[in-house]
Amino acid sequence: MQLAVLGSPIGQALSPVLHRAAFQALGLDWTYHAIDCTPDRLASFLGELDDTWAGLSLTMPLKQSVVPLLDRASDTVVRTGAANTIVVSDGQLIGENTDLYGMTQALSDAGVTTACGVTVLGAGATACTALAAAHELGCDRATVIARNAGRARQFLGPAAERIGVKVRITPWTTAPAHLEAELVISALPPGAADELAPLWKPAAGTLMDVLYRPWPTPLAQAAATAGRRVIGGLPMLVHQAARQVELQTKCPRPPYEDMLTAASAAVHQLDTTT
């Protein structure tokens, strides 16, 4: 069987490393590719899949644009409006969002199982996942700090309603007032949150930064210095990939530790060669 991760740009995606490590540990002679694919090419690519395909992973900018192309979608996909996983079964494309599983598992591993106050930095597909994670942690109200508040309201407003979280979307300039939340989740691309690093004040709480490279980010480093518990993006990435492996291979115990070891080695190699 074959699988692939689709997105653009795709050059440094870790998904091939993670899934190939899983297949090796499970004794599966399966292949996994990285394919550059933009939203305008996605429908034609999906239409050409045959019965040699077990599934796909989806990264930016495809997580939202893939949803209307699915034959079936999980409740998590419907609520968040984003899918990062496709399982090919009996000719149908079944969509799932394992990012939510990855985020909640990474938080749980670090001891975060509840949260009353949550601040989300960013307003894209990962921010929707962060709102769903907040809901899983028992939080019914969250603040979203958006670089484009108007666009965020159009996208995140309906998603928050489906998820069941009341959300307050505020401009980027208000970020300093909301960094003292019990849990802050940064769902921003590299460099986007760097300017917030000097704004942390000494306090308890947790920062989850979904980035894993470069690590630590200036935001994470400053939060740790200010006394926050800090969770990086690599455990989330590996947990979500392990859940993909479980869904796509039907193996009930994906080899998380093998995948984490492979991912850590790959990140270290990238850091030492760039």
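Odds and ends about this structure:
- Cross-link reach is defined here as a Cα-Cα straight distance under 24 Å, omitting same-chain residues fewer than 8 places apart; for Lys166 the lysines meeting it are Lys63.
- For the stretch 101-231, the relative contact order works out to 23 percent when only alpha carbon pairs closer than 8 Å and six or more residues apart are counted.
- Charge dipole magnitude, Cβ of K and R +1, D and E -1 - the chain, Cα centre, debye nearest 20: 820
- Selected from Ile145, Ile163, Ile35 as most flexible by GNM, with the chain as the system and alpha-carbon contacts under 10 Å: Ile35
- Taking the DSSP bridge list for the chain and keeping only pairs wholly inside it, about 20 percent are antiparallel.
- For the residues Asp40, Asp140, Asp109, a GNM of the chain with alpha-carbon springs under 10 Å puts the largest fluctuation on Asp40.
- Dipole in debye (nearest 20) - the stretch 101-231, about Cα centre, beta carbon charges: Lys, Arg +1; Asp, Glu -1: 280
- Euclidean distance between Cα centres, the stretch 106-126 to the stretch 186-249, Å: 10
- Our summary gives the chain a relative contact order of 18 percent, counting only alpha carbon pairs under 8 angstrom and 6 or more residues apart.
- Dipole of the chain computed with +1 at Lys/Arg Cβ and -1 at Asp/Glu Cβ about the Cα centre; of His178, Thr272, Leu188, farthest Cα towards the positive end is His178.
- If the segment from Ala110 to Arg41 were pulled out straight at 0.36 nm per residue, it would be longer than the present Cα-Cα gap by 20.9 nm.
- Charge tally around Trp215: other residues with Cβ under 10 Å, Lys/Arg +1 each, Asp/Glu -1 each, net -1.
Read-outs: derived from the displayed coordinates by stated rules, not from any lab. As the structure is a prediction and not an experimental result, all values here were calculated from the model. Glycine also receives a Cβ, built like all others from the backbone with ideal geometry; neighbour counts cover every protein chain displayed.
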